[in-house]
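This report refers to the structure that appears directly beneath it.
The values are calculated or read from the model by the stated rules, or taken from the named source; none is laboratory data. All values reported here derive from a predicted model rather than from experimental measurement. Cβ sites come from the backbone with ideal geometry, for glycine too, and all protein chains shown count toward neighbours. When the accessible area is computed, the model is the full protein with side chains, heavy atoms only, and any ligands, DNA or RNA have been set aside. Shrake-Rupley method; radii C 1.70, N 1.55, O 1.52, S 1.80 Å.
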Amino acid sequence: MPISRNISQFKEYLFNGKVRSIFFKCSAACIVISSLLSLFANIIFLPLFYHAAALCKLEHLQNYFKPALNFSWNRVFFFFILFLLLMSIYLFGLENILRYRYLVAAILFFLLVSGKFTGSSIGAFDQMLYGNTSAHTDTTILGRAQGIRADEWAIEKPYYFAQAAEGVNQPYYNYNLMIDGADMVIMAFSPVRDIIMSARPALLGFLFLPVEYAFSFYWNFRLIFLFLSTFELGLLLLNNKKISFCVAIALTWSAPVQWLFSQWLIDIIISGQYAVVFWNYLLASNTRKEKLLYSILLGCACNMYIYVMYPAAQIPFFYIFISMAIYIMWKYRAQKPLSRRNWPWFVIVFFLISSMALHFLYMSRDALTTMLNTVYPGGDREWGTFAWDYELLPFMNLLTGIYKDSPYLNNCETAQFVYFLPFQLACIPFIVRNKRKDSKTLCLFMIGSVSLILYLLAKLPKQTLLSDILLLGMSYPRRLHYALGFGFFWTLWIIVCILFLHTKEKASFRISKSFSIFCTVVTLFAVIYSDTLRQYFGIGSSVTGTVTVILLCLGFGYMGYLLLFHQKQNIRKFIIIYLIITIASTLFVNPLSCGMDSIYEKTSLEAVRQISARDKDGRWMISGNAGIGNLVSAQGVKRCSGYYYYPDISMMKLIDPEETYVNLWNSFTAVDMRLTEGNNHIESPENNVAITAYINLETAKKLNIRYVFDMGTISDEFLSSGNLEIIYIDPVDNVTIYKINYQ
């Protein structure tokens, strides 16, 4: 078994006297050199980068390095960890680091969690509430909080923190967040003390660690296992450690992953890739112990995939992963993988999946019923179509982290995998001619065929019979594009591996050059014609932007030429350039955050906790901002506003008993609640998920609302009635806390 052999080899290596002496000397050298480099980086280099970015007028990059103007020991510790990893690779060798990758990953994970580091954008709350307690330190120690990623910092994470708040013991149903109890598995799959947490191992830290460390546990667990799962799948499909290492770097630092890092995409990729790997080990294993182990791990990976609970992405990604699984079955066809001798292990996998499903359906049946009957996401979603230039947006993705944001949709929605599809297709005839019987070629065609089908369906203006048969009606083109992009990403690296390791015949220089020039010219004309890219780069009006576009198109053509004219040195250049571009374009996306003072060390929130400690049963309404509503709920108080993954039926029927506004509130909603002297009513100016519910004092009393966290919405006329008593005014922010005195 690979893991047991890895451990025994490490023991033999470590307990050899001479080797042990060298090991500890190298370790000491790593620590000393890493300490010095981290100090130099924080004192000298990072401030220099800030001034260089300011000189070049790269606003995003300038904002990224701005925190470095103030010295931070936390930042020094983070760079110490980074340099320690790089020095270890240099001194011990990449081969040894990869051999003992899980041990290295465990040490790296421990150091990152001990430093409370994340890449979260929760520091965005520092730009919404400025009143800080004396204990407050900046959460963002490098970089800039990505406000556009509100699903991560404003919606998801406050539910995690509400579950970890004092006096809240991670219940399955949280009665602070809904009158009838919020199903916390449905609500962003928050940490709960339940067996279903086995499907979310990244959240396990919330069950036994202080919240700051648990949050770091969650973030870094996913980052590290994303890298490891990609490397393991690379070993399986490519059978080459160094190229698999490059693939793991490329996927981990790809634009969709970094821009959507805290969302559904990461869990789908981790669980799907590990499911394929465990499926391979299950079929390859010869002993019962090994088969039992991999049956259990496969069942757990499948459960993790299932409970992402985002069918729009899960379904198209499923077809990519199932194509890989079928390829593995073909690889082991001589052992008859579906024979009866393997049925007991398949039963174990089925039992793990079905038993978890029955438990989930029993526990979450009411919330699921409610959600399935909502307008969104339960109702049919419009199919939607791409803008014609959607696939040109990766040219813009390269710069959104350092230059400026996308004018089309947002940075998260425009982020795409880079896969050089025209050049992939041009390589296919050559690969077929030279490697007709190679197993990698079969893998290439299986993944590529599924990706191509998804590609064609995503381009159609409406759903077709085939998309309905494949259940893709539950998805839509932009989510299909993530899956097909992921599939083409893997076919690109399979092609790279085949060309680098196996191909003997050289391609035609003339054909390669001609096709690359043709693609470059066509791409350049398309980019110039695109309104989105013309606006983003200032093509024609900005010399710098115009030159940048030309250089990007030339770079695209050059990399395609390297792929087509596939001498080994050209493929090596392609890999190096691909990795440099990938890392450079996303390195400055996520901020470096440490701790959670932006969540807890706000003067107004400290007042909320003090008031709540005296009156735990009193419910709160937050007026002025639904995102702040979630932030207040993270303090562990009972709330009546904020983000709701499915409607609080009891609350909404008290507000709207005639269901006049049911099409507005029966949905995933951001509820901003305000007091009114008139009748209850609900408004949604843009007719989307953001609604404002106006309630009178009679309804507020029925909801047991005792406190109002107000951000300047209550008029002087309303105050004159005497029903509201001011109990706190924030000296910095426009926040007033009222107690309602019912007559």
Using each residue's phi in the stretch 277-294, evaluate 6.51 cos²θ - 1.76 cosθ + 1.60 at θ = phi - 60° and report the 3J(HN,Hα) Karplus result to the nearest Hz, with x for Gly and Pro. 5, 5, 4, 4, 5, 4, 6, 7, 5, 10, 9, 5, 4, 5, 5, 5, 4, 6
Contour minus Cα-Cα span, Lys573 to Leu554, at 0.36 nm per residue, comes to 5.3 nm
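For the pairs Lys157/Lys653; Lys66/Lys573; Lys241/Lys336; Lys638/Lys701; Lys242/Lys291, flag any whose C-alpha to C-alpha distance is greater than 25 Å.
Lys157/Lys653; Lys66/Lys573; Lys241/Lys336; Lys242/Lys291
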Subtract the Cα-Cα distance of Glu59 and Tyr376 from 0.36 nm times their separation in residues, and report this length gain in nm to one decimal. 110.4 nm
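Going by average Cβ neighbours within 10 Å, how do the peptides 689-695, 541-547 rank, with the highest at the top?
Ranking, from highest mean packing down: 689-695, 541-547.
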With Cα coordinates, the longest principal axis of the chain makes an angle with the long axis of helix 477-501, in degrees rounded to 10, of 30
Put a dot 7 Å past each Cα toward the Cβ at Leu207 and Lys701; how far apart are the dots in nm? 4.5
Using label points projected 7 Å from each Cα along Cα→Cβ, tell me how many nm separate Asn663 and Tyr102, to one decimal. 5.5
Whole-Hz ³J(HN,Hα) for each residue in the stretch 99-111, computed from phi via Karplus 6.51 cos²θ - 1.76 cosθ + 1.60 with θ = phi - 60°, x for glycine and proline: what do you get? 5, 9, 4, 6, 5, 4, 4, 5, 5, 4, 4, 4, 5
Of the beta bridges DSSP finds with both residues in the chain, what % are antiparallel, to the nearest 5? 65
At Leu409 and Phe518, where each label point lies 7 Å from the Cα along Cα→Cβ, what is the point-to-point distance in nanometres? 3.0
Considering only C-alpha atoms, what is the centroid distance from the stretch 593-649 to the stretch 376-442, in Å? 40
Spatial separation of Cα centroids for the stretch 675-743 and the stretch 50-97, in angstrom: 46
Within the accessible area of the chain (1.4 Å probe), percent carbon and sulfur: 63
Please sort 194-200, 29-35 by packing, taking for each peptide the average over its residues of neighbouring beta carbons within 10 angstrom, highest first. 194-200, 29-35
Once the other residues with Cβ under 13 Å from the Cβ of Cys412 are scored (Lys, Arg +1; Asp, Glu -1), what is the net sum? -1
What is the dipole size for the chain, taken about its Cα centre, with +1 at each Lys and Arg Cβ and -1 at each Asp and Glu Cβ, in debye to the nearest 20? 4660
From the coordinates shown, Rg and Dmax of the Cα atoms in Å corresponds to which of [x] 27.7, 84; [y] 27.4, 90; [z] 33.8, 117: [y]
Ignoring ligands, DNA and RNA, what accessible area per residue does the chain give at 1.4 Å, in Å²? 43
Given contacts defined as C-alpha pairs under 8 Å and at least six residues apart, what's the relative contact order of the stretch 597-671, whole-number percent? 27
May I ask for the net charge around Leu605, where only other residues with Cβ less than 11 Å from the Cβ of Leu605 are counted and Lys, Arg are +1 while Asp, Glu are -1? -3
Arrange the residues Leu358, Leu466, Leu209, Leu480 by how much accessible surface each exposes, largest first, with a 1.4 angstrom probe. Leu358, Leu466, Leu209, Leu480
Between the helical axis of 241-252 and the dominant principal axis of the chain, each derived from Cα atoms, what acute angle in degrees is found, rounded to the nearest 10? 30
Highest mean first, what order results for 224-231, 588-595, 614-621 on Cβ atoms within 10 Å? 588-595, 224-231, 614-621
For helix 568-586, what angle does its Cα long axis make with the longest principal axis of the chain, in degrees from 0 to 90 and rounded to 10? 10
CD proxy at 222 nm, helix term only [per DSSP H run n ≥ 4: -39500 (n - 2.57); per residue of the chain; nearest 500]: -18500 deg cm²/dmol
Okay, which of the stretch 307-336 sit inside 12 Å, backbone N to the point 7 Å along the Cα-Cβ direction of Asp151? 309-314
1/(1 + (r/R0)^6) with r = Cβ-Cβ of Asn169 and Asp615, R0 = 25 Å, i.e. FRET efficiency to nearest 0.05, evaluates to 0.80
Net charge around Phe225, counting only other residues with Cβ within less than 11 Å of its Cβ (Lys, Arg = +1; Asp, Glu = -1)? -1
Which order do Lys241, Lys653 take when ranked by solvent-accessible area (1.4 Å probe, heavy atoms of all protein chains), largest first? Lys653, Lys241
